[in-house]
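Encoded as structure tokens, the structure appears first; notes follow it.
The values are calculated or read from the model by the stated rules, or taken from the named source; none is laboratory data. Computed from a predicted structure; not experimentally measured. When we count neighbours, we look across all protein chains shown, and the Cβ atoms used for this are built from the backbone with ideal geometry, even at glycine.
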Amino acid sequence: MSAEVFSHFRDIKNESHIVGITGSPGVGKSTLTGKIAKRLLDEGKTIGIISVDPTSPFSGGAFLGDRVRMTDISLHPNV
């Protein structure tokens, strides 16, 4: 991960922040989300992730239990 990307998260104090990640299917949204989440967890932060697939051909659009794709953080108590 680029240090530039994470530099935006270093000064977060006791405030909530919302980050949106969008893109075409298969471009790495879940991978990026997992890496950002891992970095924030390593810094002692508490995070929440809401994954949505509004155009899924399987579900017609749904909230996803995307923790399966983020196995390295799925059981972390601060998620």
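Return the pair list, or none, for Cβ contacts closer than 6 Å from residues in the range 20-36 that are under 15 Å from Ser74 (Cα atoms) to residues that are of a type outside the set (Asp, Glu) and assigned to a helix (DSSP H, G or I), at least 6 apart or on different chains.
So the pair list comes out as Ser30/Arg69.
Okay, residues lined up against (1) at pLDDT below 85; (2) in a loop (DSSP other than H, G, I, E, B); (3) surrounded by 11 or more Cβ atoms within 10 Å (Cβ to Cβ):
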site: Met1; (1), (2), (3): yes, yes, no
site: Lys13; (1), (2), (3): yes, yes, no
site: Gly20; (1), (2), (3): no, yes, no
site: Gly26; (1), (2), (3): yes, yes, no
site: Lys38; (1), (2), (3): no, no, yes
site: Gly44; (1), (2), (3): no, yes, no
site: Ile47; (1), (2), (3): no, yes, yes
site: Ser56; (1), (2), (3): yes, yes, yes
